[in-house]
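Step one of this worksheet: look at the structure below.
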Amino acid sequence: MSKVFDGKIEQLVGPVPFNVKLLNQSSLPAKDMAVNVAFYKKVSDLSKELSATNDLLDQIESRIKNAELAIIDMPAPASDLLKGIYDIKKTIEPIKTKLNGDRTLGSREFETKSSINDRLYGIMYSVWNNTSDVPKTFMDDYNLAERQDREVYALIKNLDTQVGVIEAQLNKNKAPYTPGRWPDKK
């Protein structure tokens, strides 16, 4: 146990060894709880990655909106840059749908495909505190969500590169400053 005060960590008490045992309270106990724990860890790690991925996509969307406003404020707006922004905006919506589902169809109570977040959070809420074996359906859902996440991650990484190119062009054309864009120092 430790405390943090004035930016310094002070150890109050050293480590104390102890054993943890599961209570025998489950009606259908897992054959090997270590398998469940390993699965829960994978789900937790993917959840953190998805959270970061969603946040990065939001940041890209914000940067693109700001870049578009900067281009419009330029004395002679560069149409090629506006076209690049339009192409990026067209790419963002399908990615958001893969991550979060089709909200427009869902809001009208139409059946929608499961999104990556739907799959992952469905797993979390269904098996997180379960002491039975993890069903194969959830393991399959996890594998699909992980594969889809890798695909979406690559798309978002590519978008980030494209936005960087546009921001470099903004610097080159002396466009107004946009949040998150580094000034071009010589």
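Per-structure values
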{"quantity": "Set Asp102, Asp140, Asp73: member being among the acidic types (Asp, Glu) and surrounded by 15 or more Cβ atoms within 10 Å (Cβ to Cβ)", "calculated": "Asp102"}
{"quantity": "Qualifying residue in region 26-33 (condition: part of a loop (DSSP other than H, G, I, E, B) and either touching a strand residue (DSSP E or B) at 6+ places or on another chain (Cβ under 9 Å) or hydroxyl-bearing (Ser, Thr, Tyr) (or both))", "calculated": "yes"}
{"quantity": "Any hit, region 75-82, residues being closer than 29 Å to Asp32 by Cα and either assigned to a helix (DSSP H, G or I) or of a type outside the set (Lys, Arg) (or both)", "calculated": "no"}
{"quantity": "Flag for Tyr86 being aromatic (Phe, Trp, Tyr) and either within 30 Å of Lys174 (Cα to Cα) or not in a helix (DSSP H, G or I) (or both)", "calculated": "yes"}
{"quantity": "Restricting region 1-25 to residues that are aliphatic (A, V, I, L, M) and out of contact with any strand residue (DSSP E or B) (no Cβ under 7 Å at 6 or more places or on another chain), the residue that is modelled with the lowest pLDDT", "calculated": "Leu22"}
{"quantity": "Where Glu167 falls short, out of the listed (1) exposed (fewer than 14 other Cβ atoms within 10 Å of the Cβ); (2) over 20 Å from the mean Cα position of the chain (by Cα); (3) in a helix (DSSP H, G or I)", "calculated": "(1)"}
{"quantity": "Restricting region 1-42 to residues that are among the small types (Gly, Ala, Ser) and more than 30 Å from Ile123 (Cα to Cα), the residue that is surrounded by the fewest Cβ atoms within 10 Å (Cβ to Cβ)", "calculated": "Gly7"}
{"quantity": "Unique residue being free of Cβ contacts under 8 Å to residues at least 24 places away in the same chain, part of a helix (DSSP H, G or I) and under 21 Å from Asp58 (Cβ atoms) when the list is Asn143, Asn158", "calculated": "Asn158"}
{"quantity": "Thr53, sole failed condition from (1) modelled with pLDDT of 90 or more; (2) exposed (fewer than 10 other Cβ atoms within 10 Å of the Cβ); (3) in contact with a Leu (Cβ under 9 Å, 6 or more places away or on another chain)", "calculated": "(2)"}
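The values are calculated or read from the model by the stated rules, or taken from the named source; none is laboratory data. Since this is a predicted model, take the numbers as computed values, not measurements. Counting neighbours? That spans all protein chains shown, and the Cβs are built from the backbone with ideal geometry, glycine included.
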